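Structure first, then comments.
The values are calculated or read from the model by the stated rules, or taken from the named source; none is laboratory data. Keep in mind it's a predicted model, so treat the numbers as computed, not measured. Every residue, glycine among them, receives a Cβ derived from its backbone with ideal geometry; neighbour counts consider all protein chains shown. Quick note on the areas: whole protein, heavy atoms, side chains included, nothing else; ligands and nucleic acids left out. Shrake-Rupley method; radii C 1.70, N 1.55, O 1.52, S 1.80 Å.
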Amino acid sequence: MADYLDIGVVRIQSWLTRTPVLRGRRGASAMISRATEREEIEKALALVEGLAEINEVAGQVDGVVSLQLLTGSKDGIRQVEEAVASHLRQHLPAASLQATYWRGETYLDARTGDPVAERDWPAPVAEWPPGRPCQWCRTWPATEVVGVGDDGQETALCADCLLRNDPRNSGRNTSRRRIPRAERELRKRLGDETAPLPDEFQVLARQGPNDDNTHLATLHADGNAIGKFIRQVRGKQRKSPGTSLNVAQLLDEATWQALVSAVQSVHQGREKLPVIPHLVGGDDVLVSVPVHDGWRFAEELQHSFDQHLQRFSSELATTLPSLSVGLVIHHETTPFSTVVELAESLLGKAKQEHRGDRAALAWQDITNEGPTPTGRPSVPHSALRQQWEALRELAGLTPSTRSRLAQLQRAVRKGEGGATEARDEHVGRRGLHSAVGPFVSGNAMDLLDALGMVRWWSQS
Ligand SMILES: [Zn+2]
């Protein structure tokens with residue numbers, strides 16, 4: 001039996017989006033990468049030498065430190081936990097941390113069971129009275145007034161936001177700044193380590209078509225039924241010890257391959273990469289892309305994750321996990337915390353509606369539908385693939401034709417008398433059957449939803 005200790009940031013997305021300012025968000029990505037990168041953890045472990053080492057099996061995940069304990073003594077374990085937590089606290093002052101202990105033959109065995117113990121390290125609470133609030137997060141008291149942004153505007157910031165604003169974390173000067181791990185890794189995998197990536201939402205949105213370039217799609221994806229999958233594979237591996245596939249690394253690799261394929265599918269020779277990868281690790285992805293690229297990106301992400309795992313299907317001989325997606329369409333200025341919260345809730349809905357059995361996607365358009373969940377059913381990935389050509393055709397209709405169709409379909413949805421006949425008559429008269437037909441015959445996708453999806457659609 002071996003003992004493991006994972007210490008990580010709790011609800012990493014909400015810490016990341018604590019500041020509405022994009023500069024702060026990207027700075028935070030860099031801080032997280034820096035805090036949990038190997039060299040930094042080795043430094044922290046030097047203080048408790050001989051008590052713990054880096055858990056090589058876990059793979060690198062932003063915001064999580066995974067260790068194998070070399071001591072069984074309570075006191076020793078506590079020392080390790082304190083050393084790592086105080087290291088993380090120093091780099092990420094306002095993040096909430098959690099320490100989790102696992103025990104098992106291997107790390108993966110340990111992770112398939114319940115943790116032995118957990119301990120929370122909540123973010124420190126601001127002292128009362130709080131004084132002047134930080135102008136970025138409005139949560140902590142400001143401790144310093146500094147110049148912010150290209151024009152150096154004087155801004156009062158708290159300890160956490162000061163680090164986000166540190167030019168090494170958020171600056172444009174590439175020789176000095178720290179690059180978030182997801183950006184670094186993505187460039188490397190695309191074979192271009194200096195490929196320019198947009199560092200602000202505006203810059204990303206401007207990569208859309210000239211007359212319509214202020215919107216983005218933010219996607220939150222993660223694997224379905226991963227725990228069940230790992231348990232099944234480990235069960236098989238125990239019976240036939242010859243197989244040694246590392247499941248954690250396999251999933252990490254599938255996720256990265258999926259991301260790289262998705263980026264390539266929408267790149268189309270643009271000068272900058274059309275993506276901001278906020279977080280990538282394990283089977284988890286949070287990215288933003290120009291809005292017209294959102295659907296292709298999502299489709300390719302799910303498809304390619306599947307393709308990668310298929311290659312190991314005979315070796316794994318079990319039901320393979322799939323990737324579900326929450327996709328939010330939003331304006332470049334929509335508060336990112338609102339976007340991320342909605343993306344997370346949509347992802348949960350997609351997973352729940354299909355009980356994690358298959359890849360699905362739930363989406364919402366904040367600009368046209370607002371940020372409150374609409375209750376639209378999620379779309380299975382198979383249906384998205386199957387209807388791809390029909391969606392393309394629908395997207396190719398003129399905006400006024402689509403708007404008329406939406407009007408007719410809304411009447412059908414409301415159950416107005418004669419609405420179905422009116423719609424069908426219009427479709428017949430205008431010869432729209434091949435574009436509309438697939439969405440009016442009790443299909444997985446309703447016409448009104450399909451019209452909403454193709455509002456922003458790239459035909460190339
Ligand atoms: Zn702050």
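A few comments on the model shown:
- Residues within the range 305-336 that are assigned to a helix (DSSP H, G or I) and open to solvent by less than 50 Å² (accessible area, probe 1.4 Å), tallied: 6
- Qualifying residues in the range 136-154 (those that are assigned to a strand (DSSP E or B) and surrounded by fewer than 19 Cβ atoms within 10 Å (Cβ to Cβ)) - the one nearest to the ligand (Cβ to nearest atom): P141
- For the range 178-227, filtering for residues that are among the basic types (K, R), farther than 19 Å from S458 by Cα and part of a loop (DSSP other than H, G, I, E, B) leaves 1.
- For the criterion of being free of Cβ contacts under 8 Å to residues at least 40 places away in the same chain and of a type outside the set (A, V, I, L, M, F, W, C), Q257 fails.
- Count - residues of the range 13-29 that are surrounded by fewer than 23 Cβ atoms within 10 Å (Cβ to Cβ) and not charged (D, E, K, R): 7
- Filter pass, S441 being modelled with pLDDT under 90 and either under 23 Å from D212 (Cβ atoms) or not small (G, A, S) (or both): no
- Candidate set from the range 348-402 (those that are without any contact (Cβ under 8 Å) to a residue 24 or more places away in the chain and in a loop (DSSP other than H, G, I, E, B)); member that is least open to solvent (accessible area, probe 1.4 Å): G370
- Look at the range 141-154: where a residue is in contact (Cβ under 8 Å) with a residue 60 or more places away in the chain and a partner is in a strand (DSSP E or B) and not acidic (D, E), sitting 6+ places away or on another chain with Cβ atoms under 7 Å, you get V148/T155.
- Hey, A343 of a type outside the set (D, E, K, R), part of a helix (DSSP H, G or I), within 21 Å of the chain's Cα centre (by Cα) and within 27 Å of H308 (Cα to Cα) or not: yes
- Within the option set A450, A444, being under 29 Å from the mean Cα position of the chain (by Cα) and open to solvent by less than 50 Å² (accessible area, probe 1.4 Å) holds for one residue only, A450.
Residue by residue, here is whether (1) within 18 Å of the chain's Cα centre (by Cα); (2) crowded, with 20+ Cβ neighbours inside 10 Å holds:
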residue	(1), (2)
Q232	no, no
G235	no, no
K239	no, no
S244	no, no
E253	yes, no
R270	no, no
P274	yes, yes
P277	yes, yes
G281	yes, yes
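- Condition met for R430 (among the basic types (K, R) and open to solvent by 60 Å² or more (accessible area, probe 1.4 Å)): yes
- Qualifying residue in the range 220-229 (condition: of a type in the set (S, T, N, Q), closer than 23 Å to A254 by Cβ and at pLDDT 90 or above): yes
- For the range 191-205, taking the residues that are touching a helix residue (DSSP H, G or I) at 6+ places or on another chain (Cβ under 9 Å) and under 16 Å from V287 (Cα atoms), the one that is surrounded by the fewest Cβ atoms within 10 Å (Cβ to Cβ) is identified as Q202.
- In the range 221-247, the residues that are under 19 Å from L286 (Cβ atoms) and among the small types (G, A, S): A221, G223
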